[in-house]
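Please read the structure below before turning to the comments.
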Amino acid sequence: MTSLKIAIVLGKFPSVSETFIVNQMVFLKQQRHAIDILCLGELNKEDRSNVLINEYKLMDNAYELKWQSMMPTNLFQRILKGFSILISSIWKRNFIDFISSLNPLKYKRTALNFNQLYQVYFNNWMGWKNYDVVHIHFADYAVSLLPNLKRYSKKIVVTFHGYDAHNFSTDYYEQLRKLDQITYTVNTNFLKKKVVNLGFPEDNIMILPASLDTELFSPNPVKNDRFELLFVGRLIELKAPLKAIKIVHRYLSTNPMVHLTIVGEGPEEAACRDYISAHGLEKNVEMFGNRTQNEIVQHLNKTDVFIFPGIIDHNGRCEAQGLVIQEAQAMKVPVVVSDVGGLPEGLIDGESGYVVKSDKIDDYAELLHKLFSDEKLKTSMGERGRLYVKEKYDTQNIGAKLLELYIE
């Protein structure tokens with residue numbers, strides 16, 4: 001296969017909650033494709049918490065995608081580079097747009113200080129870089145790049161992740177839907193239905209789940225004396241960390257050996273800590289902050305059951321996929337999740353874990369006790385879960401499908 005030049009557009013990089021995108025980048029690098037990481041938000045080149053970022057030198061080709069970042073702060077250098085851009089535009093066949101940006105009667109001061117020229121340069125930049133593929137994560141970022149995308153004639157992939165299908169209206173995406181060179185991806189059938197409801201054509205939406213490295217998430221279990229439960233995720237309403245604590249509180253009367261570890265940070269942390277303190281659960285529930293992938297693997301090695309009781313939050317949002325439940329299954333840990341959003345699509349109910357009606361706390365407790373009481377069942381579910389995830393969610397398999405999409 002010919003090496004592709006690929007732009008991957010993100011908001012913030014790196015992000016602790018988007019390690020699956022790093023896995024995707026690593027796969028592309030392993031296949032000898034060239035990638036640029038373009039950030040519309042914060043780019044923290046000092047953050048190397050994900051070891052793969054260092055190993056594959058991802059920061060070497062990471063850039064802020066803002067017109068201000070393309071413009072030198074020194075006025076002399078700005079003008080010098082500006083004239084170089086102007087000359088290059090002659091061969092790019094958009095010289096008129098660039099020379100017009102220097103019209104002081106129309107643009108006043110922004111023409112004289114070359115700000116307008118650099119904004120035009122930004123809007124043409126993707127085409128000038130001659131990328132074979134532009135892959136934009138989060139559809140609202142694609143809307144913000146519409147002037148650029150309208151000038152880019154090659155393959156565009158836009159991935160919806162969840163909030164971008166919930167927080168915006170059909171009208172918001174009207175101009176994006178008019179660009180016929182875009183293919184859309186989503187992580188679950190649940191999310192696909194939401195995107196179709198926004199007016200996007202069903203036959204142009206591909207289901208491509210967030211993936212994981214099943215070699216990294218490979219089990220090496222550690223025996224312990226307690227019945228260990230684990231919750232991992234941002235501590236926000238829709239992921240329901242407080243509900244996980246309430247489930248443990250309910251189950252504690254049946255099994256005093258139960259212990260819950262919560263990994264993550266977020267606005268629900270204070271409410272979780274208050275509940276733990278108010279009900280004397282300090283010995284049965286421990287809270288940690290954010291952890292690296294390797295540290296999460298260590299937690300999973302100590303875990304008997306992973307619990308994710310997601311809910312529909314007060315804004316109507318819920319979990320679209322929940323990659324962490326696939327990470328748990330890859331580690332041969334049975335999962336118990338709610339029936340909300342795309343969560344039920346991410347396991348084999350009754351074989352690699354259980355799906356529970358969201359409001360049935362007693363049902364969670366009963367299923368936890370079933371797994372506690374039957375070691376053979378827990379082991380067989382763990383084995384089935386790893387096989388399932390390796391087939392459906394491994395980065396090598398999902399990456400191959402992504403490449404097919406890039407070149408079709």
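The values are calculated or read from the model by the stated rules, or taken from the named source; none is laboratory data. A quick note: this is a predicted structure, and the numbers were derived from the prediction, not measured. Here the Cβ is made from the backbone with ideal geometry for all residues, glycine too, and neighbour counts use every protein chain on show.
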- Among the residues of the stretch 145-167, which ones are among the polar types (S, T, N, Q) and modelled with pLDDT of 95 or more? T159
- Members of the stretch 41-69 found to be of a type in the set (V, I, T) and modelled with pLDDT of 90 or more, listed by number: I53
- Identify the single condition in (1) crowded, with 16+ Cβ neighbours inside 10 Å; (2) not assigned by TED's automatic domain parsing to the domain that holds L65 that K106 does not satisfy, given that it satisfies every other one. (1)
- Message: So, in the stretch 388-408, exactly how many residues are small (G, A, S) and surrounded by fewer than 16 Cβ atoms within 10 Å (Cβ to Cβ)?
- Response: 1
- Task: State yes or no: is E215 acidic (D, E), out of contact with any helix residue (DSSP H, G or I) (no Cβ under 6 Å at 6 or more places or on another chain) and surrounded by fewer than 21 Cβ atoms within 10 Å (Cβ to Cβ)?
- Result: yes
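Regarding the stretch 375-383, can at least one residue be identified that is farther than 27 Å from P256 by Cβ, surrounded by fewer than 22 Cβ atoms within 10 Å (Cβ to Cβ) and not assigned by TED's automatic domain parsing to the domain that holds N50?
Scanning the stretch 375-383 turns up at least one residue that is farther than 27 Å from P256 by Cβ, surrounded by fewer than 22 Cβ atoms within 10 Å (Cβ to Cβ) and not assigned by TED's automatic domain parsing to the domain that holds N50.
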- Residue that is nearest to V133 (Cα to Cα) [pool: residues in the stretch 380-408 that are assigned to a helix (DSSP H, G or I) and aromatic (F, W, Y)]: Y406
- Task: Sort through L216, L191 and tell me the only one that's of a type in the set (A, V, I, L, M, F, W, C) and either in a loop (DSSP other than H, G, I, E, B) or not assigned by TED's automatic domain parsing to the domain that holds I21 (or both).
- Result: L216
- Message: Take the conditions in contact (Cβ under 8 Å) with a residue 24 or more places away in the chain and closer than 23 Å to G266 by Cα and apply them to I37. Does it pass?
- Response: no
- In this structure, is S358 assigned to a loop (DSSP other than H, G, I, E, B) and of a type in the set (G, A, S)? yes
- Query: Can you name the residue in the stretch 194-203 that is surrounded by 13 or more Cβ atoms within 10 Å (Cβ to Cβ) and either modelled with pLDDT under 95 or of a type outside the set (A, V, I, L, M, F, W, C) (or both) and, of all such residues, is farthest from K392 (Cα to Cα)?
  - Reply: G199
- Task: For residues that are free of Cβ contacts under 8 Å to residues at least 40 places away in the same chain and more than 25 Å from the chain's Cα centre (by Cα), scanning just the stretch 348-367, find the one that is nearest to L252 (Cα to Cα).
- Result: E366
- Message: Conditions first: (1) under 27 Å from the mean Cα position of the chain (by Cα); (2) at pLDDT 95 or above. A278 passes all but one, so which condition is the exception?
- Response: (1)
- Scanning for something in the same structural domain as P344 (by TED's automatic domain parsing), more than 25 Å from the chain's Cα centre (by Cα) and part of a helix (DSSP H, G or I), does the stretch 225-245 turn up at least one residue? yes
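Go through the stretch 71-182 and tell me which helices (runs of 4 or more DSSP H), entirely inside it, have 2 or more residues that are farther than 25 Å from K5 by Cβ and of a type in the set (D, E, K, R).
Values: elements: 75-92, 95-100, 104-107, 109-112, 115-129, 139-144, 146-149, 163-166, 174-177.
Qualifying helices (runs of 4 or more DSSP H): 174-177.
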- A careful count of residues in the stretch 40-67 that are of a type in the set (S, T, N, Q) and in contact (Cβ under 8 Å) with a residue 60 or more places away in the chain gives 2
- Item | Pairs with Cβ under 8 Å, 6+ apart, first in the stretch 11-32 and surrounded by fewer than 21 Cβ atoms within 10 Å (Cβ to Cβ) and part of a loop (DSSP other than H, G, I, E, B), second at pLDDT below 95 and hydroxyl-bearing (S, T, Y) | R32/S3
